[in-house]
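These notes concern the structure reproduced below.
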Amino acid sequence: MLTRCTAILLGATALLCACAPSYNWRAVALNASASPTEQAPLVPLLWAILPCKPDEATRALAFPSGTESRTLSVHMMGCMADGNTFTIATAQVADPAQLAATLQQWQRSTRAQVKALQVSALPPALTALTTIAGATPLQLGPSTLPRSTGLRLLGQGADGKALTVHALWFAKGTQLFQAAAYVPGDAKGLPTDALDTFFSGLRLP
């Protein structure tokens, strides 16, 4: 029986998730928005594999910037399978010089949203799957960041219960991306190959 869908927070944004009783993997395309126009037809920005039929939403993600805050428009897709939520998201950064800083702000926002008590790199086995072909290396001052950055966060969901998040950030041109799996509890309820399938299915056009 299908369970009622819950809201999962992505950074400072909320996405209503489509529920599925089991894993039913399918290829999906993430676009800049959900609605095409004559001036802006849908052009896939990212291909991914999700275990259920996704919903789409666009939300404003606020970042502090000095004494002010600026807003990033984030378009996302996500769905829930067996209680675990999988999301992919993208945002365009107007100033290429701000790509690396914005990516790091997005990471900090996600960490804060789930009240992360522990933060670590993705396990080595997953890291080997998260080298995204075509991703843009980013400059932060004199440093060059990796083409993709993955984190494992141990925190809590909106219901106050334990939540494990496996998240990956990367960029192409002026477009930033996030792919994340939200797993209630200590992640024991996630099939061992689900993360492999999810992260290895990410493809840039």
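Can you give me the ranges of the strands (runs of 3 or more DSSP E) entirely in the range 141-205 with at least 2 residues that are modelled with pLDDT under 90 and touching a strand residue (DSSP E or B) at 6+ places or on another chain (Cβ under 7 Å)?
Of the strands (runs of 3 or more DSSP E) lying wholly inside the range 141-205, those with at least 2 residues that are modelled with pLDDT under 90 and touching a strand residue (DSSP E or B) at 6+ places or on another chain (Cβ under 7 Å) span 148-156.
Could you tell me which of the residues A125, A89, A101 is hydrophobic (A, V, I, L, M, F, W, C), closer than 29 Å to D193 by Cβ and at pLDDT 85 or above?
Selected residue: A89, the only one of A125, A89, A101 that is hydrophobic (A, V, I, L, M, F, W, C), closer than 29 Å to D193 by Cβ and at pLDDT 85 or above.
Being at pLDDT 55 or above, under 18 Å from the mean Cα position of the chain (by Cα) and surrounded by 15 or more Cβ atoms within 10 Å (Cβ to Cβ) narrows it down to one of L46, L9, so name that one. If you could, list the steps in order and put the result at the bottom.
On the way: L9 fails: at pLDDT 55 or above.
Residue meeting the stated conditions: L46.
Could you please give the count of residues in the range 94-130 that are part of a loop (DSSP other than H, G, I, E, B) and either touching a strand residue (DSSP E or B) at 6+ places or on another chain (Cβ under 6 Å) or surrounded by fewer than 14 Cβ atoms within 10 Å (Cβ to Cβ) (or both)?
Residues that pass the stated criteria total 10.
Taking the range 163-182 as the search range and keeping residues that are of a type outside the set (S, T, N, Q) and farther than 19 Å from A81 by Cβ, which one is surrounded by the fewest Cβ atoms within 10 Å (Cβ to Cβ)?
It comes out as G173.
Look at A116 and say whether it is under 26 Å from D196 (Cβ atoms) and either modelled with pLDDT under 80 or small (G, A, S) (or both).
yes
Pairs please, first residue from the range 189-203 and farther than 24 Å from A29 by Cα, second anywhere and surrounded by 15 or more Cβ atoms within 10 Å (Cβ to Cβ), Cβ atoms under 9 Å, 6+ apart in sequence or on different chains.
G189/D82; G189/N84; G189/V183
The values are calculated or read from the model by the stated rules, or taken from the named source; none is laboratory data. The structure presented is a predicted model; accordingly, all values stated were derived computationally and were not measured. With ideal geometry, Cβ positions are generated from the backbone for all residues, glycine too; neighbour counts draw on all protein chains shown.
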